[in-house]
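Heads up, the thing below is written out as structure tokens.
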Amino acid sequence: MSSASAWLRMARVSNTPTTVSDTVAGAVLVSPAVAAGPVAVVAVAIALFYTAGMLLNDVMDVGVDRRERPERPLPSGQVSVRAASAATVALFVLGEILLLLEGWEPALAGLGLIGLIVLYDAWHKGNAISPLLMAACRAMVYVVAGLAIAGALNEELWGAAAMLLVYVVGLTQVAKAERGGLAARWPVIAVLAPAVYWAKELPDAAVALLIAAFLVWVGHALWLVLARHRIGAGVVSLIAGIAIYDALVVAGAGGSAVAVAVCLAAFAVTIALQTKIAGT
């Protein structure tokens, strides 16, 4: 594996497009006719944060990986721990500078997001609430984007962010559904919950189509887990499904067709990249 490939693998770059769709959705929730420029700046900042978080995850886990996954880039020596640590700090700083260009509100929220990312990376092993921390990181993207665009948040953003949080908590736990039993069924309910929430916008045609697309895709991912026992494939499919959820959010919030298309493009790019670079 080349050095560049090792870096891309550490960064889980195949999932990065879903952070762009998250940003678009968060922006549209506070301003349906939002201009593209500020959204692009925030999207780049969030992508930098995501990449930093993925690198930090490997830095924090290097001891475990030396024992259990010695082929990973850090324990195998393809990337040095020092280089990965320096890149993590640089990406966080650059992302925060970009947010500061959009105002002090998103910059402060960005610091909160960095704190959540670091907390998750440092405390996800053996931590029962780690799925909640991971989901909170995703939900905070909506908050950062909303503050960058409008300087304030509304009820619709909080509702959409809560549904994203529920979905991500569910996808992190959906592998347990394979084991059966009542306690294992709640993750399935969690990943389906966003469709029920956004049914409030029916009979809007775009919303209806996107709810159907979301249900089909999530159903496919659950089938991979429950029927085919392909847990990894099912989980990465659910991660890609975040972008479909974002498209549904945009449509439900009255966003433009272009914004919906950006989210769906992020889904398509994620699926394409996942065939080349592992999403987990």
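The values are calculated or read from the model by the stated rules, or taken from the named source; none is laboratory data. Keep in mind that this is a model prediction, so the values were computed, not measured. Quick reminder, even Gly has a Cβ in these numbers, built from the backbone with ideal geometry, and neighbours come from all protein chains shown. What goes into the accessible areas is simple: the full protein's heavy atoms, side chains included, and nothing from ligands, DNA or RNA. Shrake-Rupley method; radii C 1.70, N 1.55, O 1.52, S 1.80 Å.
Kindly establish whether Arg66 is touching a helix residue (DSSP H, G or I) at 6+ places or on another chain (Cβ under 8 Å) and either of a type in the set (D, E, K, R) or open to solvent by 20 Å² or more (accessible area, probe 1.4 Å) (or both).
no
Please work out which one of (1) open to solvent by less than 50 Å² (accessible area, probe 1.4 Å); (2) in contact (Cβ under 8 Å) with a residue 24 or more places away in the chain is the condition Gly219 fails and give its number.
(2)
With the requirement that a residue be of a type in the set (Gly, Ala, Ser) and surrounded by 23 or more Cβ atoms within 10 Å (Cβ to Cβ), what does the range 254-280 give you?
Gly255, Ala259, Ala266, listed by residue number.
Any chance the range 129-147 includes a residue that's over 23 Å from Val24 (Cα atoms) and open to solvent by 30 Å² or more (accessible area, probe 1.4 Å)? Before the answer, list the steps.
Our first condition is that a residue be over 23 Å from Val24 (Cα atoms); within the range 129-147, this holds for 129-131.
Then drop every residue that is not open to solvent by 30 Å² or more (accessible area, probe 1.4 Å), which leaves 129.
Checking the range 129-147: at least one residue is over 23 Å from Val24 (Cα atoms) and open to solvent by 30 Å² or more (accessible area, probe 1.4 Å).
Taking the conditions exactly as written (assigned to a helix (DSSP H, G or I) and either surrounded by 17 or more Cβ atoms within 10 Å (Cβ to Cβ) or at pLDDT 95 or above (or both)), does Ala183 satisfy them or not?
Against the criterion (assigned to a helix (DSSP H, G or I) and either surrounded by 17 or more Cβ atoms within 10 Å (Cβ to Cβ) or at pLDDT 95 or above (or both)), Ala183 does not qualify.
From Gln78, Gln173, grab the single residue that is touching a residue at least 60 places away in the same chain (Cβ under 8 Å), open to solvent by 10 Å² or more (accessible area, probe 1.4 Å) and of a type outside the set (A, V, I, L, M, F, W, C).
Gln78
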